[in-house]
1. Considering each residue of the stretch 112-125, count those that are under 28 Å from residue 100 (Cβ atoms) and open to solvent by less than 10 Å² (accessible area, probe 1.4 Å), and give that number.
2. Kindly list the number of the only condition in (1) in contact with a His (Cβ under 9 Å, 6 or more places away or on another chain); (2) more than 25 Å from residue 333 (Cβ to Cβ); (3) crowded, with 22+ Cβ neighbours inside 10 Å that fails for residue 99.
3. It is to be established whether one or more residues within the stretch 470-479 are under 18 Å from residue 503 (Cα atoms), without any contact (Cβ under 8 Å) to a residue 60 or more places away in the chain and of a type in the set (Lys, Arg).
4. Give me the residue from the stretch 46-67 that is in contact with a helix residue (DSSP H, G or I) (Cβ under 6 Å, 6 or more places away or on another chain) and closer than 23 Å to residue 6 by Cβ and, out of that set, surrounded by the most Cβ atoms within 10 Å (Cβ to Cβ).
5. Going by the structure shown, is residue 402 more than 25 Å from the chain's Cα centre (by Cα) and open to solvent by less than 10 Å² (accessible area, probe 1.4 Å)?
6. Do you know which residues across the stretch 611-642 are open to solvent by less than 30 Å² (accessible area, probe 1.4 Å), touching a Pro at 6+ places or on another chain (Cβ under 8 Å) and either closer than 23 Å to residue 687 by Cβ or modelled with pLDDT under 85 (or both)?
7. What is the residue count in the stretch 656-690 for residues that are more than 27 Å from residue 609 (Cα to Cα) and open to solvent by 50 Å² or more (accessible area, probe 1.4 Å)?
8. Go through the stretch 170-221 and report how many residues are closer than 30 Å to residue 546 by Cα, open to solvent by less than 20 Å² (accessible area, probe 1.4 Å) and of a type in the set (A, V, I, L, M).
Amino acid sequence: MAAGGLAGLLPAQTQLEYALLDADTPQEKENLVYQYLKKMDSRERDLTVPELGGDLQWLNTEGPISLHKDLCGKVVVLDFFTYCCINCLHLLPDLHALEDQYSDKDGLIIVGVHSAKFPNEKVLDNIKSAILRYNIVHPVVNDADATLWHELEVSCWPTLVILGPRGNMLFSLVGEGHREKLFLFTSITLKFYKERGQIKDNSIGIKLYRDSLPPSPLLFPGKVTVDGSGERLVIADTGHHRILVTQKNGRILHTIGGPNSGRRDGRFSEAAFNSPQGIAIKNNVIYVADTENHLIRKIDLDLEVVTSVAGIGIQGVDKEGGAKGEEQPISSPWDVVFGNSISGTQEDSVLWIAMAGTHQVWALMLEGGKLPKGSELKKGVCLRFAGSGNEENRNNAYPHKAGFAQPSGLSLASEEPWNCLFVADSESSTVRTISLKDGAVKHLVGGERDPLNLFAFGDVDGAGINAKLQHPLGVTWDKKRKLLYVADSYNHKIKVVDPKMKNCATLAGTGEASNVIGSSFTQSTFNEPGGLCVEENGHLMYVADTNNHQIKVLDLETKILSMALPILNPGACDVPDNLPVQKDKINFPKLPKSAPNVQLPALTVAPGQTIQFLLTLTLPPDSKLNEEAPNSWFITAEGNTWLLQGQCLSGEIKDVSCQTIIPFQLPRSCLSAEALLAVKACLYYCSKGSSACMMKGISFSQPLQIASTNQDRLTQVELIHTFLTN
């Protein structure tokens, strides 16, 4: 057993740390570490780590790993982390770099020990998602009950423990920012034990979870926003390291960056991001919180160019700021929102930034002006607005004395009596407000009164401090209803807050992490939703359902949650907006003569309105879809081809066990008051007991009556058919 846990390392390592401070050259430092290892290795009794329990769940491996059998002869770096923690995320680039330099053949293995802070983080599927999201490629063990954490007396996240080839503890590094020591300690440890013939070069059975996943149009989308017209969405497709601009029916207008991470300005085709999160759009300009590049980026849709406007591309530690944006280091920006200075004459003259990495809210001055309790600032300056930089849940009339804990979502309510920023403060599990009159930081819902208690989380509807949230990542203001919506991420819910009464209640979600589309908001489910937005007219809400890799659409008037927004690749199924449809260029499959034609009741619609056809097809018993065949849906409009301009006219059907969404938006200019639309499907399926494969079809005829009412409403039409056995 570990004698005294990490405390047993403290006396000797403290001496080493002081000696390293006085060392002038790399050679001196290496010699000091070498002598330290000689001393530790000759101890009468090793400080050993207990075996990782055989009943623990492992990820990224072919099976459980034994510390004292499988990892015997390896230098092991144990990374005690929890996936919500920004400091843990800051450590990952150091671990990636270490893995690039040394492999298991060289004798090094990194093992992530996931010791959860929040109950939601104990769930294996949620840890799987985090491993994918943060590109963790080493073994990870789910220490859900913090067994190893307590055995070693670990006290905070992140903590690194470096072990020798006998499982003997040698070093510990607490917190982030120890890259130089990590590489120094690891390299000398490998050298020391190789000289003694104790390092083995055998491979460890790594099996990356990411290699088993099917491709997806979106991958862990973190945030979504809608432009002022309600016609365009901007999606941070975080896992694909790109920004998508789409029509409200999901048709892609612009793809910027991706699919691989990088850090490049330039044309859309060459620009690169690294796990972008928050986005804000005004006219044809988008600002992006490029989180893992520690940058704020500007996308010009007219020029089709990306530039960096704040940050230097590496993590900053400055908690004051004040330099010009492109010279000012920043740390893990997580969200952005437009606002106004108190002295400026122009709208949207400030970009507010949720600076999760330093636990603050910053401002980038898009025009010259003055911030509350501040002096006049020049255009382009980037600086801290609120938050001391201490990780706390501290409210204060002076913004610089307040404390935040990983602020991750922002929304602005500029109208009176609010005139404030709403902040989703994830690690304190609260929503806070910052007055844009005087900068005062106040509590709204969640958490508790002790500013140092960051464990006051839960899932409780109520008022003020009696309400409980669990790691909320997003907020959005509904101007129409004067309500605030919260992505209560680890409770897998959308909450609604009345800021006047401080009431907080569940709007959507059951609390279960899954992907169910129910008949009402409260029967539907989410999986760690990270961001959300509401149209200017208050009709539709869009939710970035992060771990379901979807954007979900909620109708706030009918209280119906639609299926996920389909992401439609313009290259695959686009028809130019202003050209007549050329019928001879569209090669749709021909349905068999036996295909039924289902007549649907007439639907009253308006120009510009969006229809979602929800297609549910059921195969005969003991049949399965032939996934290699071209199963598809397509839309026709005999005699009314003007309806089809700019539409996605066909798409694949990959899985009949869930609904297929077929979006359709009527043209703004309609050429007649009546029209007939046909939605058709062609499937190939096989009987499980034979090799016979059948082609079947179905056609739904939808008469449209075009009126001038119900503009901008989303209408859903269910298309249901069961194929019968021959």
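The values are calculated or read from the model by the stated rules, or taken from the named source; none is laboratory data. Everything numeric in this text was worked out from a predicted model, so none of it was measured. Here Cβ is always computed from backbone atoms with ideal geometry, including for glycine, and neighbour counts include all displayed protein chains. SASA here: full protein model, heavy atoms, side chains in, ligands and nucleic acids out. Shrake-Rupley method; radii C 1.70, N 1.55, O 1.52, S 1.80 Å.
1. Here the count works out to 5.
2. (3)
3. no
4. Checking each candidate, the answer is 47.
5. On the way: more than 25 Å from the chain's Cα centre (by Cα): yes; open to solvent by less than 10 Å² (accessible area, probe 1.4 Å): yes.
Answer is yes for this residue.
6. 632
7. The total comes to 5.
8. So the answer is 1.
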